[in-house]
Amino acid sequence: MTSTDLHHPDNRRAFRTVRRLVLAYLGLSALTLVAAFALRDHTDLITPAVWVRGTIVLAGATVALLLTVRAARGSRGAFRRLRIVSGAMLVAIAAIIAVPGVFPVWMKIEQGLCGLALLGVAVLINGRQLRTLFAQP
């Protein structure tokens, strides 16, 4: 891969959009834990599952951001891992939304918003433009 390819305006734009979507995912994840902390005395809204899932999601969003930064700098491994991680997170979010009773409605809505951001990431990362950029020579 040449630096010219990485710095092509279309590729830079695609990675800028991916980074913004991942930052939105990270921000929503952080706000979820802030809200959980603020509402910690309301056990009907903040269940142990909210704490566990919220912490895992924040960690996953942090990893996704690190992978995005490394992929934008040309790391094939980070690009490949970002493709896998974004897809796996989408599946996990779909399961959380679908499973009745484990998570409160507000968290399912938050996870739906996170899922929309990740769907955008997955579409861009798995699109022809970026896959071609990281194709084996």
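What follows is calculated from the coordinates using simple rules that are stated; it is not laboratory data. Only a predicted model underlies this, so the values are computations on that prediction, with no experimental measurement involved. Cβ: placed from backbone, ideal geometry, glycine included. Neighbour counts: every protein chain shown.
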Worksheet item: Among the residues of region 24-54, which ones are in contact with a Leu (Cβ under 7 Å, 6 or more places away or on another chain) and in a helix (DSSP H, G or I)?
Response: Y25, L26, L28, S29, A30, L33, G54
Item to complete: Scan region 16-66 for residues that are under 16 Å from V105 (Cα atoms) and in contact with a Ser or Thr (Cβ under 6 Å, 6 or more places away or on another chain) and jot them down.
Response: G54
Response to the item:
Per the filter on region 87-100, residues among the hydrophobic types (A, V, I, L, M, F, W, C) and assigned to a helix (DSSP H, G or I) are A88, M89, L90, V91, A92, I93, A94, A95, I96, I97, A98
Practice prompt. Answer with yes or no whether T62 is touching a Lys or Arg at 6+ places or on another chain (Cβ under 9 Å), assigned to a helix (DSSP H, G or I), among the β-branched types (V, I, T) and within 29 Å of H8 (Cα to Cα).
Written response: no
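Looking for whichever is in contact (Cβ under 8 Å) with a residue 24 or more places away in the chain, surrounded by fewer than 16 Cβ atoms within 10 Å (Cβ to Cβ) and closer than 19 Å to G127 by Cβ here; the options are R76, R83. Which one fits?
Numbers: R83 fails: surrounded by fewer than 16 Cβ atoms within 10 Å (Cβ to Cβ).
Result of the check over R76, R83: R76.
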Item to complete: Please specify each residue of region 101-137 satisfying the condition of being assigned to a loop (DSSP other than H, G, I, E, B) and aromatic (F, W, Y).
Response: F103, F134
Worksheet item: Quick one: in region 97-122, which of the residues that are touching a Gly at 6+ places or on another chain (Cβ under 9 Å) and farther than 27 Å from A72 by Cβ is surrounded by the most Cβ atoms within 10 Å (Cβ to Cβ)?
Response: M107
Worksheet, complete the sentence: Of the residues in region 25-66, those that are surrounded by 14 or more Cβ atoms within 10 Å (Cβ to Cβ), small (G, A, S) and within 18 Å of G87 (Cβ to Cβ) come to S29, G60, A61, A64
